[in-house]
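A short worksheet on the structure shown next.
The values are calculated or read from the model by the stated rules, or taken from the named source; none is laboratory data. Predicted model only: the values in this text are computed from it and were never measured. Note that we place each Cβ from the backbone using ideal geometry, even for glycine, and neighbour counts take in every protein chain shown. Accessible surface areas use protein heavy atoms only, side chains included; no ligands, DNA or RNA. Shrake-Rupley method; radii C 1.70, N 1.55, O 1.52, S 1.80 Å.
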Amino acid sequence: MPRAIWSGSISFGLVSIPVKLFSAVSEQSVRFNQLDGRDHARVRQKRVNESTGEEVPYDEIVKGYELSSGSWVVVTDDDMAQLMPEQNRLIELEEFVDLDEIDPVYFSGSYWAAPADAAKPYALLATALEGANKVGLGRFVMRSKQHLVVVRSVETKLMLSVMVWADEVNAPEVIPGMEKPADVELSEKELAMASSLIDSLTEAFDPSKYSDTYREAVLELIERKADGSETSVSAPTDDGEDQVIDLMAALEASVAAAKEARKAPKDEADEPAAESA
C-alpha cells in the first residue's frame, strides 16, 4: 500500500483542505548492485571522515555549507524549519491560471493529494477547478526545500505537480548550436510535406501504447543469463561517414509510408469474409 510522503493542508482564500501526498508515479527500472568481481560479494559504500579515515555513524552527520574561505557553516533541520514554519504544512494557492499557459519544461514530478479528513472542501475545490478549467499555483516546503506547485483536478481528484523555478530552466541561448536553425531557409513545398507528414501521424494520445522496450530487453537478458543461456549482442555499426539526406525524398517517402500504414487496417476490415463451400 502506498505511504504518504507529506501531510498538511491546501488552502484557497479562507478554505483549508487537509490532505496527504502520495507519489503519482512508480518508476519501473532495473536496479543493479555493485559486486566484487572476484567472489560476487556486495560492495558497500561507507561514510568516512576524510581527516581520520574512520567511518562516521549516521546520527553524527550534519549539513554544512562551505564558504569561500574554506570554512564551514553547519545548518540544522531546526534552523531550516524556522525560516518558513507556516509553509512546512501548508500549500496556499496564490493564483489560478490556464494549464496550457505553463510550458511542460517546468514540471518535474507529480503527486496525488488525497483528502485526509474533510471530504467536502476537497470535492469543492476539485469540482470548481474542473468546471473553470483552471489550475492553482502555490508554494510549499518538502524535504527542506521550497517548491512551486500546480494543483489541478483530474476527474475530480486533486493532483499536485512540482515545478522547477524559472531561474533553473536553461535558456536556449546558452545551448551551443541553437542559433543555427534561425539561418535556415525553408521552401513552401518542404513545409507542406512536413505538415502532411505530421497530419498523417497525428493520433489521440494513448500512453498505454508505449512501453520501456529497453527495460524489457534488460530483463530478458537477465533471465537468459540466469538460465545459463549464452548471450551475444551485436554492437551498432558506424562507418564514420556522414550520410547526405535528400530532405524532400525523405519527407515524401515518410508521408507515403504513414498513409499506407493507416490504410492497411481499414483495408483488412473491408475485406469480405470467405464464402463457405
Where 259, 46 fall by accessible area, highest first, once all protein chains stay in place (1.4 Å): 46, 259
If you take every residue apart from residue 74 with its C-beta less than 14 Å away from the C-beta of residue 74, what net charge results, scoring Lys and Arg +1 and Asp and Glu -1? -4
Give the angle, between 0 and 90 degrees and rounded to the nearest 10, that separates the Cα long axis of helix 213-226 from the longest principal axis of the Cα atoms of the chain. 80
Mind checking the dipole of the chain: about its Cα centre, +1 per Lys or Arg Cβ, -1 per Asp or Glu Cβ, Debye to the nearest 20? 1600
Residue 260 accessible area, 1.4 Å probe, all protein chains in place, Å² to nearest 10: 100
Taking the chain as a Gaussian network, where each spring joins two C-alpha atoms under 10 Å apart, which residue of 50, 185, 223 fluctuates the most? 50
Residue 178: accessible area at probe 1.4 Å, nearest 10 Å²? 110
Using a 1.4 Å probe on the protein chains only, how many percent of the accessible area of the chain belongs to carbon and sulfur? 52
What is the angle, in °, between the Cα long axis of helix 247-270 and the longest principal axis of the Cα atoms in the chain? Nearest 10 is fine, range 0 to 90. 80
Please give the calculated 222 nm ellipticity per residue for the chain, where each DSSP H segment of at least 4 residues contributes -39500 (n - 2.57) and the sum is spread over every residue; nearest 500 deg cm²/dmol? -8500 deg cm²/dmol
Net charge of Cβ neighbours under 12 Å - reference residue 58; Lys, Arg +1; Asp, Glu -1: -1
Cβ charges +1 (Lys, Arg) and -1 (Asp, Glu), total dipole of the stretch 1-94, debye: 560
In the chain, with Lys and Arg counted as +1 and Asp and Glu as -1 at Cβ, which of these residues, 11, 175, 219, has the Cα nearest the positive end of the dipole, that is, farthest along it? 11
Putting +1 on Lys and Arg Cβ atoms and -1 on Asp and Glu Cβ atoms, find which of 228, 53, 106 reaches farthest to the positive end of the dipole of the chain. 53
Picking from 115, 126, 24, whose Cα lies most toward the positive end of the charge dipole for the chain (charges on Cβ: Lys, Arg +1; Asp, Glu -1)? 115
Report the chymotrypsin sites (Phe, Trp or Tyr not before Pro) located in the stretch 1-104 that are in a DSSP loop and have at most 15 other Cβ atoms inside 10 Å of their Cβ, or state none. 32
Considering only protein heavy atoms, what is the solvent-accessible area of residue 61 at a probe of 1.4 Å, reported in Å² to the nearest 10? 80
For the chain, what is the accessible area per residue in Å², given a 1.4 Å probe and the full set of protein chains? 80
Helix 119-132 sits off the longest principal axis of the Cα atoms of the chain, rounded to the nearest 10 on a 0 to 90 degree scale, by 40
Where the only charges are on Cβ atoms (+1 Lys, Arg; -1 Asp, Glu), what is the dipole of the stretch 138-210 about its Cα centre, to the nearest 20 debye? 760
Compute the orientation-averaged projected area for the stretch 1-142 from the convex hull of its Cα atoms and round it to one decimal in nm². 14.9
Mind scanning 20/120; 20/157; 120/157; 20/46 and naming the pairs with a C-alpha gap bigger than 24 Å? 20/46
What Kirkwood hydrodynamic radius do you get for the chain when you take the inverse of the mean 1/r over all pairs of distinct Cα atoms, in Å? 26.0
Determine by what factor the alpha-carbon radius of gyration of the stretch 8-53 differs from 2.2 N^0.38 Å, reporting the quotient. 2.38
